[in-house]
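In what follows, a single structure is set out as structure tokens and then discussed.
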Amino acid sequence: MLDDMPDTKVIEEKMVEVLQTVDDPELGIDIWNLGLVYKIDVNEDGDVHIEFTLTTMGCPIAPMIDEQIRAASQYIEGIGEVTTELVMYPPWSPEKMSPLARSALGVI
């Protein structure tokens, strides 16, 4: 890895910050705190692969979330290509939400 390229850990941390700005349009809460992001992989070239899911199978917002992830991440210094993958396993459940999301939705 070149010295002037950001560390993969730095890119991953910045990516988490970005994912906290991408809201599920139906719930109005970001996909990170909803627990919809299952995996972030950053390779040594700065390319990022994100695995995410939806709250329900057949939910039509996947393309919108994909577009928001790409748009929000384009300003991360040193980032390469961003790819996303919609996964349905394991299925999402409310237990995957952060305490912040649980509180906002009134889920105990």
Going by the conditions given, is M64 assigned to a helix (DSSP H, G or I) and either in contact (Cβ under 8 Å) with a residue 24 or more places away in the chain or under 13 Å from the mean Cα position of the chain (by Cα) (or both)?
-> yes
Within segment 1-26, track down each residue that is part of a loop (DSSP other than H, G, I, E, B) and at pLDDT 95 or above.
-> Q20, T21, V22
Test set (1) within 28 Å of G106 (Cα to Cα); (2) surrounded by fewer than 14 Cβ atoms within 10 Å (Cβ to Cβ); (3) touching a Pro at 6+ places or on another chain (Cβ under 9 Å) - E77 fails condition number | (1)
Taking D45, is it modelled with pLDDT under 95 and either within 25 Å of D7 (Cα to Cα) or in a helix (DSSP H, G or I) (or both)?
-> yes
Out of the residues in segment 67-81 that are of a type in the set (D, E, K, R) and without any contact (Cβ under 8 Å) to a residue 60 or more places away in the chain, state the one that is nearest to I11 (Cα to Cα).
-> E81
Which residues, taken from segment 2-29, are surrounded by 21 or more Cβ atoms within 10 Å (Cβ to Cβ) and under 11 Å from the mean Cα position of the chain (by Cα)?
-> M15, V18, L19, V22
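Here is a yes/no grid of residues against (1) within 19 Å of R102 (Cβ to Cβ); (2) out of contact with any helix residue (DSSP H, G or I) (no Cβ under 6 Å at 6 or more places or on another chain):
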| residue | (1), (2) |
| --- | --- |
| I11 | no, yes |
| V18 | no, no |
| T21 | no, no |
| P25 | no, yes |
| D30 | yes, yes |
| E44 | no, yes |
Report, ordered by the first and then the second residue, all pairs with beta carbons closer than 9 Å, sequence separation of six or more or different chains, a first member in segment 82-108 that is over 27 Å from A71 (Cβ atoms), and a second member that is surrounded by 14 or more Cβ atoms within 10 Å (Cβ to Cβ) and charged (D, E, K, R).
-> P90/K96; P94/R102; I108/R102
When segment 41-74 is checked residue by residue, the ones that are surrounded by fewer than 18 Cβ atoms within 10 Å (Cβ to Cβ) and among the aliphatic types (A, V, I, L, M) are M57, I61, A62, M64, A71, A72
Would you say E51 is under 29 Å from I108 (Cα atoms), outside any loop (DSSP other than H, G, I, E, B) and either of a type outside the set (S, T, N, Q) or in contact with a Pro (Cβ under 8 Å, 6 or more places away or on another chain) (or both)?
-> yes
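The values are calculated or read from the model by the stated rules, or taken from the named source; none is laboratory data. These numbers come from a predicted model, not from an experiment. Quick reminder, even Gly has a Cβ in these numbers, built from the backbone with ideal geometry, and neighbours come from all protein chains shown.
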